[in-house]
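Below is one structure, written out as structure tokens, with a few remarks after it.
The values are calculated or read from the model by the stated rules, or taken from the named source; none is laboratory data. Values in this document were obtained by computation on a predicted structure and should not be read as measured data. Here the Cβ positions follow ideal geometry from the backbone for every residue, glycine too, while neighbour counts run over all protein chains shown.
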Amino acid sequence: MLLPQFLGASAERIPGAELELLFREFLSWRPDDGRGGDRTASVLLRRPRGGTDSEPSDRGQPRVPRPAVPPDETTGRTPGERPSARPAPKPPEWRSLPTLDDLLPWHQPGVAARRAWVCAPEERTLRRRWQRLASAPPGQRDLLLRTDEAPPRPGAPRRPADSPAISPVLHRAFDRRYLLTEEHCLDRPRPHLWQVAGPRQVYVVEQHAHPCTTGPGLLFSSLVPDADCFNGRGGRVLPLYRDPEGGVPNLTPGLLPYLADRLGLPVSPADLVAYLAAVVAHPGYSAAFRDRLAVSGVRVPLTADARLWAEAVALGREVVWLHTFGQRFTDPEAGRPPGPPVLPEGERPEVAVAVPDSPAAFPDRVRYDGDTGVGGHRLRVGGGVIARVRPEVWRYDVGGVPVVRSWFGARRRFPHGGRLSPLDRVRPDRWSPRRTGELLELLTVLTRLVRLEPRQADLLGRVRGGPLVTVADLTAAGVLPVPEGARTPPPLDGQLELPLD
């Protein structure tokens, strides 16, 4: 195998990510890939500086080829050849697939506060913290406003407003919280993301900067996401629309007409996002492309089969509906009513023992009981018990972060993180029934997503085995490369933006 752009290059001149990918290709190389193609081996790299093509004793001497040794009749290997520990190589499709930002070109990081106290599970907690800040002497406000990564920042307001701006956000995967959006509370407020928020907006969240080889490949949110939303390690946000009304899609110009012509079907912006959810937002995608995702972001297998496209769109609409807790892609006739998703009686997680709501019994630990007794699998929250929690739900992770444990860690008696400002200590002194209700909503959403995973994995396999829309196809049609203007954020201050198509 050989990456043509690096033919004959020395190792130190190849970017680290490309070198790692090249090394993986080398390890998985076989003389014949089963398609009859020419897989003649070639020199991959020159030796780095300081090395030579031969041992010192061979310099100046003609190289004599070693005699061929016939393979063993039983194993098919030559003497001394080690058996391969790697499976047969996957079809070389990865680099032919469009990247996510080939499709949704404008992207940017999420909101960054760098202060733990400006975000909380309950709006009431933020109002208490703000009142504490507003009533503090002027000399103490800089200390209270300090960040988690820097010394106190000067320029705090002389007198904070009595009624602060508070908005719901997606702080972590499937973890909705409230955020103080006052000017001095956020280091990176990302005004463009707030400006395009609206009733039709869907924010796609991707982890493109770090390996992500477990859990779903993408998240979807109706709320503005945090900068570390995906798995606590950065990432980027790709809004579906460039305006709050949903009239200007954030899609590469010419993409939808090309897909519609290729598929013979009408294709809307919502259809494309639903397709992404069906094909990418499940652990089967991460497993299928594990080696590739270790060194690069998401690439999308775009089917050219109209039947598979329609199946994916229908399935993906349910996935987005679940990711957004019933706020997007609602359709009561399709079983997606507005509001938190539910499960049938007898299948839904339910409270077997109420979580105590006294200060002394505030839970600081959550654990899973796999014993399938009368109440089924159980989740123990302090002294409370939630029944009918599937093991897959307890283990559900996004980029290696277990969702249920992360959600509870922000709501336990002593929450994770946030110890630098005195305002971090302003928090509830007991567990509330509302928190139990939100936990049941989370468990219900994860249960329904787990049930969809086999269908998504099967669909992905059929998509990969069928005709695909490739980068070469999109380039030949003039859709790619993405025009630079499509990557710029929409104008601020209410300026009119015309569609790019």
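Residues are listed down the side, and each one gets a yes or a no for (1) within 15 Å of the chain's Cα centre (by Cα); (2) of a type in the set (D, E, K, R); (3) crowded, with 20+ Cβ neighbours inside 10 Å:
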position: 197; (1), (2), (3): no, no, no
position: 238; (1), (2), (3): yes, no, yes
position: 242; (1), (2), (3): no, yes, yes
position: 257; (1), (2), (3): no, no, no
position: 281; (1), (2), (3): yes, no, yes
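Quick check on this structure: which one of 429, 458 is closer than 30 Å to residue 251 by Cβ, acidic (Asp, Glu) and modelled with pLDDT of 95 or more?
458
For the stretch 474-483, check the following and say yes or no: at least one residue is in contact with a strand residue (DSSP E or B) (Cβ under 8 Å, 6 or more places away or on another chain), surrounded by 13 or more Cβ atoms within 10 Å (Cβ to Cβ) and more than 30 Å from residue 244 (Cβ to Cβ).
Within the stretch 474-483, none of the residues are in contact with a strand residue (DSSP E or B) (Cβ under 8 Å, 6 or more places away or on another chain), surrounded by 13 or more Cβ atoms within 10 Å (Cβ to Cβ) and more than 30 Å from residue 244 (Cβ to Cβ).
What about residue 134, is it of a type outside the set (S, T, N, Q) and modelled with pLDDT under 70?
no
Looking at (1) touching a strand residue (DSSP E or B) at 6+ places or on another chain (Cβ under 8 Å); (2) buried (at least 19 other Cβ atoms within 10 Å of the Cβ); (3) more than 21 Å from residue 378 (Cα to Cα), can you tell me which one residue 443 breaks?
The failed condition is (3).
In the stretch 321-342, how many residues are more than 27 Å from residue 225 (Cα to Cα) and surrounded by 12 or more Cβ atoms within 10 Å (Cβ to Cβ)?
Total meeting the criteria: 1.
Residues in the stretch 238-247: is at least one in contact with a Pro (Cβ under 8 Å, 6 or more places away or on another chain) and among the acidic types (Asp, Glu)?
yes
Out of the stretch 458-473, which residues are surrounded by 16 or more Cβ atoms within 10 Å (Cβ to Cβ) and either of a type in the set (A, V, I, L, M, F, W, C) or closer than 29 Å to residue 195 by Cβ (or both)?
Matches in the stretch 458-473: 459, 460, 463, 468, 469, 471.
Cβ-Cβ below 6 Å, separation at least six or inter-chain, first residue in the stretch 175-204 and of a type in the set (D, E, K, R), second in a loop (DSSP other than H, G, I, E, B) and surrounded by fewer than 18 Cβ atoms within 10 Å (Cβ to Cβ): which pairs?
The qualifying pairs are 182/165; 187/114; 200/246.
In this structure, is residue 266 touching a residue at least 24 places away in the same chain (Cβ under 8 Å) and not acidic (Asp, Glu)?
In short, no.
Given 333, 345, which one is free of Cβ contacts under 8 Å to residues at least 60 places away in the same chain, farther than 29 Å from residue 415 by Cα and not in a loop (DSSP other than H, G, I, E, B)?
333
Checking residue 318 against (1) assigned to a helix (DSSP H, G or I); (2) charged (D, E, K, R); (3) surrounded by fewer than 17 Cβ atoms within 10 Å (Cβ to Cβ): exactly one of these is not met. Which one?
(3)
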